[in-house]
Amino acid sequence: MNYEYYLEKFRKSADRIDKKMLNKKHLEMNVGVTLDSVVLKLYKTKWTNNKIDPINAKTRIFFAIWVNDKTIKRNKVFYNIHALKLRELKGYSIASRDFADSFRKDFMKFERNWENVSVEFGPLTLLEGWEHFENDNLENIIVKLANNFSSIEYLIDDTLKKFEPTKIS
């Protein structure tokens, strides 16, 4: 796979995503290579314990869009939301399965906006789906998926609130 070629496409896509909107929603963005894939990730630093390196943190929630040799051969661009080691997320008392079930229940009213999406995974993958890979349209697909996520990111915050410990006064 030509990593530089796809990194450039992903970077161009990232440049087209509304920075004011990202800032307003406290979303951070990263383009890079992970597990032999070129990936764009959207996340909030409050969704991790490691504020210094949220991209590689053990405990974190993030949205990813990626391609690799296998996905390209299958003519697919994949996306997902991962929720890793949530039992350890500071400030919350989370059972991963309960978190995933709660998020998925709220997500279902938005499912129609996501092509080929599934929530039939364990609790680490809240959802995953794919869109048809079209090299000439890849940047538009990435921007569309990122914008789709930015329109539902609050579902993660709302779900996290359900797992805040109750305060006794």
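Structure summary
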quantity	calculated
Flag if A57 is at pLDDT below 95 and not β-branched (V, I, T)	yes
Matching entry among K70, K105 (being free of Cβ contacts under 8 Å to residues at least 40 places away in the same chain and within 25 Å of G32 (Cβ to Cβ))	K70
Residue satisfying condition, being of a type in the set (V, I, T) and more than 30 Å from K9 (Cα to Cα), within set T125, T159	T159
Single residue of N23, N80, N49 found to be touching a strand residue (DSSP E or B) at 6+ places or on another chain (Cβ under 9 Å) and either open to solvent by less than 30 Å² (accessible area, probe 1.4 Å) or free of Cβ contacts under 8 Å to residues at least 40 places away in the same chain (or both)	N80
The one condition in (1) over 17 Å from K44 (Cβ atoms); (2) at pLDDT 95 or above that A146 fails to fulfil	(1)
Residue count for segment 158-169, restricted to those that are open to solvent by 10 Å² or more (accessible area, probe 1.4 Å), touching a helix residue (DSSP H, G or I) at 6+ places or on another chain (Cβ under 8 Å) and not in a loop (DSSP other than H, G, I, E, B)	1
Filter result (loosely packed, with under 15 Cβ neighbours inside 10 Å and in a loop (DSSP other than H, G, I, E, B)) within segment 89-114	K90, G91, S93, A95
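The values are calculated or read from the model by the stated rules, or taken from the named source; none is laboratory data. Please read all numbers here as calculations on a predicted model, not as lab measurements. Note: ideal-geometry Cβ built from the backbone for every residue, glycine included; neighbour counts use all protein chains shown. Surface accessibility is based on the protein's heavy atoms, side chains included, excluding ligands, DNA and RNA. Shrake-Rupley method; radii C 1.70, N 1.55, O 1.52, S 1.80 Å.
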